[in-house]
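As structure tokens, the structure follows; a few thoughts come after it.
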Protein chains: 2
Amino acid sequence: MATPVSESTVGTADLETVRELAQQLRVDSVRSSTSAGSGHPTSSMSAADVLAVLVARHLRYDWDNPADPANDHLIFSKGHASPLIYSIFKAVGVVGDDELINGYRRFGERLQGHPTPVLPWVDVATGSLGQGLPDGVGVALAGKYLDKVPYRVWVICGDSEMAEGSVWEALDKASYYNLSNLIAIVDVNRLGQRGPTELGWDLDTYARRVESFGARAVVVDGHDIAAIDAVLADAEDVTRPTVILARTRKGEGFSETADVEGWHGKPFPADMADRAIAELGGLRDLRVRGPVPPADLPRPAPVERPVITLPTYDLGAKVATRRAYGQALAALGARTDVVALDAEVSNSTYSEDFAKIYPDRFFEIFIAEQQLVAAAVGLSVRGYVPFASTFAAFFSRAYDFIRMAAISQADIRLSGSHAGVEIGADGPSQMALEDIAMMRAVGGSTVLYPSDATSAAKLVEAMADLPGVSYLRTTRGAYPVLYGPDEPFAPGGSKVLRRSNADTVTLIGAGVTLHESLAAADTLVAEGIAARVIDLYSVKPVDAATLADAAQATGGRIVVTEDHYPEGGLASAVLEALSDGGVPLSVRHLAVRSLPGSGTSQELLDAAGISARHIVEAARDLLR
Amino acid sequence: MATPVSESTVGTADLETVRELAQQLRVDSVRSSTSAGSGHPTSSMSAADVLAVLVARHLRYDWDNPADPANDHLIFSKGHASPLIYSIFKAVGVVGDDELINGYRRFGERLQGHPTPVLPWVDVATGSLGQGLPDGVGVALAGKYLDKVPYRVWVICGDSEMAEGSVWEALDKASYYNLSNLIAIVDVNRLGQRGPTELGWDLDTYARRVESFGARAVVVDGHDIAAIDAVLADAEDVTRPTVILARTRKGEGFSETADVEGWHGKPFPADMADRAIAELGGLRDLRVRGPVPPADLPRPAPVERPVITLPTYDLGAKVATRRAYGQALAALGARTDVVALDAEVSNSTYSEDFAKIYPDRFFEIFIAEQQLVAAAVGLSVRGYVPFASTFAAFFSRAYDFIRMAAISQADIRLSGSHAGVEIGADGPSQMALEDIAMMRAVGGSTVLYPSDATSAAKLVEAMADLPGVSYLRTTRGAYPVLYGPDEPFAPGGSKVLRRSNADTVTLIGAGVTLHESLAAADTLVAEGIAARVIDLYSVKPVDAATLADAAQATGGRIVVTEDHYPEGGLASAVLEALSDGGVPLSVRHLAVRSLPGSGTSQELLDAAGISARHIVEAARDLLR
């Protein structure tokens, strides 16, 4: 390829320059994907005109200071069209042509197949469709209600992803919260991965759906630069979110691909790339930047972080850990960066304790768990410290969002109440029995499962400063407070609640099964069997040293009891920690091994084989 | 409480009887929940009139033969209102008053807190909101396109659950597939768990949303028996799904609770229950049944199950397991009960191989993974053998549906392609790295991870007859065929690919890491180190005996390598199996331990520390 011609434009480009810029974006999308041997050039080409107009003339963004809190936000929900966004980064001068062409999709490089926040101009990782708009809702909530800075949140969506229910959860919440600062642009190129989309170019139907969900729908020819410009100039509504439906052609700008099926996710062979570049007018090297935020925009108020006074509990008093969650969260609210969200069950999770004191920092997301997690991610983009709560079972609804939050390296805190068969009469649909496995498997996550109110409160406080996805599992019922107010708790720790030199077996539990383990130890000691008891409140990271000590001290005889299915939970954490210890293990693993029904907590714990008498029996059996 | 008055009505009741029936349903909802000490009487009372009319006059259902394929289906999506549906079961005479009052929510009883298919009249478990309608889409697809029987699918929804995106995925697919046999009734009682719903009684907005998604919206006063009757008589549309929006009052029929906040999920105290029953006109013991399906309705064609001829592969030929999935699925298609579904990536998962031959039994769900799994559940209700496929990472979008499928005891098969860092350049958003943990933790699940085309094809065939949720993890790239066509594979099995009496270390892998383990063994043997190599293609259930043999034979020295995050995957399965063996273990666990980026498969396997050279190094280290 010939050396590109250089030209530079600073400030707001005229429409003719924008037209050229759009062609450059197409050319660079073709070049980068052909060079990489993979990628999605045609999905990039359909949206090139819209993005060129947006970035050159409307997006208020200081590319030299991506952390400026007055910057608009650009969320690229159709992340597979990464050649386009990376070509923009080149056009604004923050990525070089060499990196674009030779770094794209290569090992160790930051221009990955789908954008992630390893790039400073990317708020959230995308690539699992239907997540950019829900994430954008979170950022827009921050802008309107917390930062109170008039930045706009622009979300670039594909048309295929409008089939994801999460998009409609997002629009529903965006209109409920009057997010006039949220503007989605849907690239309606009518072709999905394997053929036409459901709705094709039926923009009327898209518009009806959007309007019915309370957003303003605007239809535009997505290849008419002037029309796009007019629409974007008027994109911010007074009261409602706006959805711009851009009618486009996939592969636009090149006659061999424009509106042609069969080119999704396929780089052009080299000769075809040459033809495409020629038809697109050859290489360009425009440098174009749009407006920056006006200097007189308000900036967010500084965060206040006073000393937190946690609630304290009397030893032996019966307090549910979910109750302690709410009380600790309310105490943490003294920090002005702490925000809370709930999926319409705040009177069960007790996040209502926070909501009552800090209604301005509480967001009711109603029964939409995907949006619940996405809003937390969006709030974290703006530096807030979100705590999102619902029943532990229902975080399974948002697992893809939690997984993606980890890829976004978002710092979010999740609190799931009503875990395990302990919940009793409500039955299995409400029992989280796989949540520990699910949360442990999230990259970089922290998984905490306190057994009493003191530890719950302390761990909530610790979560506020944890990186990544952290998860707190709370229990429905009230159980005795085990620890005094000065007892420290930290992720990675554990507590040894019973210990003697005569210990011959180790009992490990967390949450309700710790209480069962303690009861079992009391029974066993009366029989002359000394049992070590470990409160494994930090399931990930796990306190391997304490576990190894216990295994060594008790001849490898261990009973792990958990109110969870057998796979991936407490026992997995214990076995992983002890897998290279050289101590022969005799582990009895008590867990929920069949589908539970309704009943009282004690009936169900007993039926599942995880109550004290089963622990006693397992310990006896190990010592036989 | 006094002995109820007995009265019996057979056939189609008149409206006055229906009015009485509705009051009986309310009374019985109050009685059962008060007796249980938990439950949702007010959520039951709001929908009592609608349900009374439906069951007494419109639902075509032979209560003595719930398996009749001509029966209508009644899916109770607002499962928390279980007192209502159980009161109906009493009213039609299939559950006794004693069971209703003294069995509800009790241990060991079938009238659980939320309905599950332990009851023969319940198709699917509900209680996680927003799932009944997506499940109903699956049943309606079966009725219209496979059974070709004109039964109707009635889904009773709450208004709070309309905030779940899955509801809109369902309506979108219902209209796309012209499911005129699907009728949703939304009980718009305007009060959620902790207060008013988002939309309250704004039925116009609900109607606009429903219509924009292609369904017919009908608004009715949900307490006007005659109006409800007229609407239900006309409920089935010619071409479109129908959504009946019933304006109701929560707690209706009792002045202390009708449209009163604060009574969600609360049984009435005994004295209040007495007042409620008195105001509702006292106890009744009506026995009311509605119409049964006409005898002349068509019945589904009998299933044809010819002998299946699986594809075969040449040893050493490079074939992707996802490719083998598609080919085996196409071969299985000779069975007329096998159906396939995909989320718009059938050209990547290779379910297109099936779609091309059996287009009438293939359902394109587009990019809506929750609906993908729910449709499979619905199809399984009618006895079909659904295989649903998408990228492995994107099943995380549907985890709550998969969890609930297990509670429904649905037999569904999921195939996730593009697992792990092996996928290469697309980056982490497309890499399933937590799917094995997620799928293993599903109650009663089977998790299969073949390494070659032969085993993949055989396991696909085995899945067709597996109960519960089964999951096949397939790999993007093509790797050598390891097994001849006569090699048997079954869930719970494994293969020992290298074995000698001199083995001093065991290498365990599955999928791509098995090939890396084999390469490592070849290197090691050249150094004089004999390594046993196990293909752990069945991750759940796991072949504990073979693992124990290997651990014993190789002095507990084991290298487990997996293209997955460290938690809950292959190593967890291995450690659980060996946790009570008495052999001291020295396990090296090679897994993906940091966030990957883009690159080639080999670069990423190597960077993650799960390539052959790392396995060699770990084995050497164990033997040092």
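Charging the Cβ of each Asp and Glu at -1 and of each Lys and Arg at +1, and nothing else, the dipole of chain A about its Cα centre rounds to 820 debye. Distance between the 7 Å Cα→Cβ label points at A:Lys148 and B:Glu16: 6.5 nm.
Here's the picture: charge each Lys and Arg Cβ at +1 and each Asp and Glu Cβ at -1 in the protein assembly as shown, and of B:Ala174, A:Asn181, B:Ser408 the one pushed furthest to the positive end of that dipole is B:Ser408. On the basis of the beta-carbon distance and an R0 of 45 Å, A:Arg613 and A:Ala295 show a calculated FRET efficiency of 0.05. A Förster radius of 25 Å combined with the Cβ-Cβ distance from A:Ala526 to A:Val496 puts the calculated FRET efficiency at roughly 0.80. For the protein assembly as shown, the dipole from Cβ point charges (+1 on Lys and Arg, -1 on Asp and Glu) about the Cα centre works out to 1460 debye, to the nearest 20.
Each copy carries a label point for A:Ala227 at 7 Å from Cα toward Cβ; from one copy, the others' points are 4.4 nm away, ordered from shortest.
Full extension of the chain between B:Asp621 and B:Glu261 gives 123.0 nm of extra length, using 0.36 nm per residue less the Cα-Cα distance.
Normalising by residue count, the range A:52-206 has a Cα convex hull of 119 Å³ per residue.
A point 7 Å from Cα along Cα→Cβ stands in for B:Gly96, and the other copies hold the same point at 8.5 nm, listed in rising order. In chain A, a dipole from Cβ-located charges (positive for Lys and Arg, negative for Asp and Glu) runs towards its positive end, and of A:Ala233, A:Pro386, A:Gly127 it is A:Pro386 whose Cα lies farthest in that direction. For the range A:9-290, the share of DSSP beta bridges that are antiparallel, to the nearest 5, is 5%. Take every DSSP beta bridge whose two residues both sit in the protein assembly as shown; close to 15 percent of them are antiparallel.
The range B:291-348 and the range A:70-125 have Cα centres separated by 41 Å. For the residue pairs A:Lys144/A:Lys173; B:Lys318/B:Lys356; B:Lys78/B:Lys250; B:Lys458/B:Lys540, the alpha carbons lie more than 19 Å apart in B:Lys318/B:Lys356. Membrane-span-like helices in chain B (whole DSSP H runs, Cα extent of at least 27 Å along the helix axis, mean Kyte-Doolittle hydropathy of at least -1.0): B:15-36.
Considering helices alone, the calculated mean residue ellipticity of chain A at 222 nm is -10500 deg cm²/dmol, with DSSP H runs of length four and up weighted by -39500 (n - 2.57) and normalised per residue.
Distances between copies at A:Val118, taken between label points 7 Å from Cα along the C-beta direction, are 5.0 nm in increasing order. Put in line by how crowded their Cβ is, counting other Cβ atoms within 10 Å and starting with the fewest, A:Trp63, B:Trp263 read A:Trp63, B:Trp263.
Counting only the backbone N, which residues of the range B:185-209 are under 19 Å from the spot 7 Å out from the Cα of B:Asp224 toward its beta-carbon? Flagged as within label range: B:185-190, B:201-208. In the protein assembly as shown, taking the dipole from charged Cβ atoms about the Cα centre, the farthest positive-side position among A:His40, B:Pro488, B:Leu341 is held by B:Pro488. When A:Asp49, B:Asp64 are arranged by Cβ crowding within 10 Å, least crowded first, meaning fewest neighbours, the order is B:Asp64, A:Asp49. Taking a straight Cα-Cα cut-off under 14 Å and skipping sequence neighbours fewer than 8 places away in the same chain, the aspartates and glutamates within cross-link reach of A:Lys266 are A:Glu256, B:Asp426. Placing +1 on the Cβ of every Lys and Arg and -1 on the Cβ of every Asp and Glu, with no other charges, gives the range A:241-292 a dipole of roughly 340 debye about its Cα centre. Shown is the FRET efficiency for A:Ala270 and B:Asp314, computed with R0 = 35 Å from the Cβ-Cβ distance and rounded to the nearest 0.05: 0.60. Take every DSSP beta bridge whose two residues both sit in the range A:317-481; close to 10 percent of them are antiparallel.
Shown for B:Ile402, B:Ile529: other C-beta atoms within 10 Å of each C-beta, ranked fewest to most, produce the order B:Ile529, B:Ile402.
The numbers here are math on the coordinates, done by the rules we state, and not lab data. A quick note: this is a predicted structure, and the numbers were derived from the prediction, not measured. Neighbour counts are summed over all protein chains in view; Cβ atoms, including those assigned to glycine, are modelled from backbone coordinates with ideal geometry.
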